[in-house]
Amino acid sequence: FHLAFRKSNQISVSSPILRTQLQNYIDERRAEEPGSEWSAPEVYLRQWTDARYLHSYYPDEGDDAHYQLTSESQRVLGWIDALRQRSLIVT
């Protein structure tokens, strides 16, 4: 979610682009962890939509679905960003 939405400052990502980004991520993880089990990108997108991490919709123009982070997912990513920005002071 961070790479697809936050880092690129996107509100909505088309299904083909998100599937490609997810497949690239899966391929990188497989290379780092040979023998690891991963599902197809479509499986993850369906699970994340069913779990309401993502909202899918069809825009007026085009035939491809688009995905958008739900407000809850946006809040979680904001919380993670805030944690990353904190510095730890140890005395």
Expected sort for 10-17, 34-41 on mean C-beta neighbours within 10 Å, highest first, is 10-17, 34-41
Rounded to a whole number, what % of the accessible area of the stretch 1-87 do carbon and sulfur atoms account for, probe 1.4 Å?
48 percent
Total charge of the residues flanking S15 in space, meaning their Cβ is under 13 Å from its Cβ, with Lys and Arg +1 and Asp and Glu -1, is -1
Candidates L77, L69, L18: whichever shows maximal mean-square fluctuation once the chain is modelled as a Gaussian network with Cα springs under 10 Å
L77
Equivalent ellipsoid, the stretch 4-86 (semi-axes from 5 times Cα gyration tensor eigenvalues, Å)
21, 20, 12
For the stretch 15-86, give the magnitude of the charge dipole about the Cα centre (Cβ charges: +1 Lys/Arg, -1 Asp/Glu; no others), in debye to the nearest 20.
420 debye
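The values are calculated or read from the model by the stated rules, or taken from the named source; none is laboratory data. What you see is a predicted model, and the numbers here were worked out from it, not measured in a lab. When we count neighbours, we look across all protein chains shown, and the Cβ atoms used for this are built from the backbone with ideal geometry, even at glycine. Heavy atoms of the whole protein, side chains included, go into the accessibility calculation; ligands, DNA and RNA do not. Shrake-Rupley method; radii C 1.70, N 1.55, O 1.52, S 1.80 Å.
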